[in-house]
1. State, as an integer percentage, the relative contact order of segment 193-308 based on alpha-carbon contacts under 8 Å between residues 6 or more apart.
2. Under 20 Å Cα to Cα from K9, which aspartates and glutamates show up? Leave out anything in the same chain fewer than 8 places away.
3. Please check: in the Gaussian network model of the chain (C-alpha springs, under 10 Å), which one of S16, S70, S279 has the largest mean-square fluctuation.
4. Fewest to most neighbouring Cβ within 10 Å: what's the order for F307, F116, F251?
5. Sort E152, E296 so that the residue with the fewest other Cβ atoms within 10 Å of its own Cβ comes first and the one with the most comes last.
6. Karplus couplings for segment 266-271 from phi (6.51 cos²θ - 1.76 cosθ + 1.60, θ = phi - 60°), rounded to Hz, Gly and Pro as x?
7. Taking the Cα of S159, stepping 7 Å toward and past its beta carbon, and measuring to each backbone N in segment 51-80: which are under 18 Å?
8. For segment 69-200, what is the relative contact order in percent, using Cα pairs closer than 8 Å and at least 6 residues apart in sequence?
Amino acid sequence: PPVDPGKLKAFLDRLSTEVHAADDWGQVATYIPELADVAPNQFAISVVLADGTRLSAGARSVPFSIQSVSKVFMLACVLGREGDNIWRRVDREPSGDRFDSILLLEQEKGRPRNPFINAGALVTTDAMLANRAPKQALSEFLGFLRAAAGDEDIHIDPSVAASEARYGFRNVALANYLKSYDNLHNAPELTLGTYFHQCAVEMTTDQLAMAGRMIAQLPGAPPLMAPARARRLGALMMTCGHYDGSGDFAFRVGLPGKSGVGGGILMVAPGRASIAIWSPGLNSYGNSKVGTEAAELLTDFTGWSVFS
Ligand code: GLN
């Protein structure tokens, strides 16, 4: 049965109050200095239902760095442009390794395990740069996000991109390694620069939940993606969206989700809702700690787990 919006709103308010009693908010990411300055004890949740009802609680209008949540939307852009060709360059299997791991890349001869670990996302971004300059690729990407969210007020924070460009040594290593296998078609610094900027997009949970409508296949979503593609994106989010914590997230929450090291999580309950959560403190997998706990409580309350 569909959830009662009034009851759901009361639940979200309660959730937002209760999480503030947490004594452990997790650790904010420190390897990107700009993110290290964010206070961990913040929380927001936004839900868009199939009938278009929008509900939120907490810091719903505070923009945060979407980081790896951007990987879903960049992949959607690339799939729209070149279709299944991208799968020649990147696989679709969970990696069981950390998001920035280089381990499997040697074993698998430069073909990353999936598009949601950093190595795979660099390949996706590189594909977006086919026949276009970074500026153009990024403005197309932003245009896609704005259309998906129905909101023009979505921007890149250049200081976050610069901070990551300065300290993102592992990404530099991954890009060079991919290049050595001919799986980057642009100069590594071009692909990296584009990737750092896409990760530095700032959004609120309200905006992110709106942008997720097309992946959740909600009736009111802008027609930016074929349903078959949305289903496949959901499958990738379920199996790979939380890196080596993907199994744990599926076990606890039971929804396709994509996390970012800024503490954002986008989740979809196919046909029912698009959900965005933000809390910047991270667990040991680099996924939002309190955000994951809140996601678990939400699916307990709503019965939205795809396994229910
Ligand atoms: N921009 C970050 C990085 O490349 C994204 C990682 C993440 O959100 N897990 O390291």
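1. Relative contact order of segment 193-308: 24 percent.
2. In chain and number order, the partners are E18, D51, D206, E293, E296, D300.
3. S16
4. F307, F251, F116
5. Fewest to most other Cβ atoms nearby, the residues stand as E152, E296.
6. Coupling constants for segment 266-271: 9, 10, 10, 9, x, x Hz.
7. Under cut-off, by backbone N: 62-67.
8. With pairs under 8 Å counted, the relative contact order is 30 percent.
Any read-out appearing in this document is the output of simple, stated calculations on the displayed coordinates, not a laboratory observation. Because the structure is predicted, anything quoted here is derived from the model rather than measured. FYI the Cβ positions are ideal-geometry reconstructions off the backbone, even for glycines, and counts take in every protein chain you see.
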